[in-house]
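**Student:** Below: one structure in structure tokens.
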Amino acid sequence: AGQGAVIGGAVGAIAGNLWSKRMEDKKAAMTQATAGTGIEVARTPDDQLMVNVPSDFSFDVGRADIKPEMRPVLNQFAQGLDGQMRVRIVGHTDSTGSDSINDPLSVNRAESVRNYLADRGVSPARSEISGRGSHQPVADNTSDAGRAKNRRVEIFLREPQG
């Protein structure tokens, strides 16, 4: 099983991202820091750490200003990040309003998170941002609860490749 595991691990590393002990440690720290908050911390199938911050912790409707409740989560995320780790921040909105409002709002939300993390030592050069507007909902937009789930920011962390 040893040789097969080594080959499988090498194929996994080539095909996706590297899931290291420090990634596992960061996942454990984020899971502990966000326990009971509704914030989702998970390992993605392609070996990234994903932190999904819903609107009740992240942003008010129509706003890109980070809510005070989100600051401790971002502080924990920034703490102890290796200088080589890469960060991707994706902003989302609900379907209220037009794409001409939601698309830039989602980018502005991602940018607010990047700027906050930069103030805590995470180099913007290691970060990328994007906005999806209302185009990738995770819940039904016909209810207040569903729209609240769709107003979110997702933060991904990965080890550098190569």
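**Student:** Take the chain, connect every pair of alpha-carbon atoms lying under 10 Å apart with a spring to form a Gaussian network, then pick out the residue of A125, A42, A78 with the largest mean-square fluctuation.
**Tutor:** It is A125.
**Student:** Further, regarding this structure: If R0 is 30 Å, what FRET efficiency do you get for D82 and H135 from their C-beta distance, rounded to 0.05?
**Tutor:** With a Förster radius of 30 Å, E is 0.40.
**Student:** Same structure again: Using only DSSP helix segments of four residues or longer, with each worth -39500 (n - 2.57), what per-residue ellipticity at 222 nm results for the chain after dividing by its residue count and rounding to 500?
**Tutor:** For the chain, the value works out to -12000 deg cm²/dmol.
**Student:** Same structure again: Under a no-solvent Debye model with one identical scatterer per Cα of the chain, what's log10 I(q)/I(0) at q = 0.13, 0.14, 0.19, 0.21 Å⁻¹?
**Tutor:** -0.62, -0.71, -1.17, -1.35
**Student:** Which order do the peptides 23-33, 145-155, 45-55 come out in when sorted by mean C-beta neighbours inside 10 angstrom, highest first?
**Tutor:** Taking the mean over residues of other Cβ atoms within 10 Å, the ranking is 145-155, 45-55, 23-33.
**Student:** Nearest 0.05, what FRET efficiency do K67 and E24 give at R0 = 22 Å with Cβ-Cβ as r?
**Tutor:** 0.15
**Student:** Quote the relative contact order of the chain in percent (integer), defining contacts as alpha-carbon pairs under 8 Å separated by 6+ residues.
**Tutor:** It comes to 29 percent, rounded to a whole number.
No lab work stands behind these numbers, since they all come straight from the coordinates. Model, not experiment: these values are computed from the prediction. Using ideal geometry, Cβ is built from the backbone for each residue, glycine included, and neighbour counts are taken over all protein chains shown.
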